[in-house]
Amino acid sequence: MSFEIWLSFTFLVFLLVLTPGPSVLIGMSHALRYGARPTLMTALGDVTANMIQMVVAAVGLGALLATSATAFAVVKWCGVGFLLVMGLTALLRKAKVNKGQNDIVTKEAGIYEPVRRRKLFREGFLVAAGNPKAIAFFGALFPQFVDPTSPLVPQLLILGATFVLLDYTFVMIYAMGAARVMPWLVQRGGTNIVARVSGGVLILAAALLSLIEMPESTAGTRF
């Protein structure tokens, strides 16, 4: 793979991950509730799903989601439902956070909710896995940057590693930004404001995912 091809792919992926999507929004929601450091597991779940999607696309199943309206819709609406359930659950529950002495909220006082790391990993994984456009994206995009005259596996590894690195980085950038807002939200709106904001973010992610459509060139095809 030439450096120019890799650079073009990197720039395209950069533009893609720069725009907040469902995975970025769940990372922000987790960071608001649990802090930036635990959200590392959310981002890890996200990129793990992406790596599986890359393998799925590589074996040809990406073409199914790229051409089958039924398969695409099933995966998409499962993802939308999962995000809605998490968002509504966050809105309806009271955040378990603590305040320090004299009602001064600090990170040291424990303003974040306790959480199991595997829960964050699982939710990050399921949200990414519920985005059917990812598999269609990998199946449609990767061939454009692969040289058929050169060994296939090394090229796919380079493209996959580039995507994973950029995706993980931007999920965490947005998450750390959200975590920095957390003390400000608690001080001005009380502990429950965090649950409302994080729930609203997840519902927004569900709305964004519901708007995802198949490419126009294949949307008319039925499975």
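The values are calculated or read from the model by the stated rules, or taken from the named source; none is laboratory data. Quick caveat, the model's predicted, so the values are computed rather than measured. Heads up, the Cβs are rebuilt from the backbone with ideal geometry, glycines too, and the neighbour counts pull from every protein chain shown. Remember, those area values only see protein heavy atoms, side chains included, never the ligands or the DNA or RNA. Shrake-Rupley method; radii C 1.70, N 1.55, O 1.52, S 1.80 Å.
The table below lists the values:
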{"read-out": "For peptides 115-122, 36-43, sequence by mean Cβ density within 10 Å, most packed first", "value": "36-43, 115-122"}
{"read-out": "Distance in nm between pseudo-label sites at residue 144 and residue 48 (7 Å out along the Cβ direction from Cα)", "value": "3.1 nm"}
{"read-out": "Residue 24 accessible area, 1.4 Å probe, all protein chains in place, Å² to nearest 10", "value": "10 Å²"}
{"read-out": "Residue 2 accessible area, 1.4 Å probe, all protein chains in place, Å² to nearest 10", "value": "50 Å²"}
{"read-out": "Solvent-accessible ranking of 51, 172, largest area first, probe 1.4 Å", "value": "51, 172"}
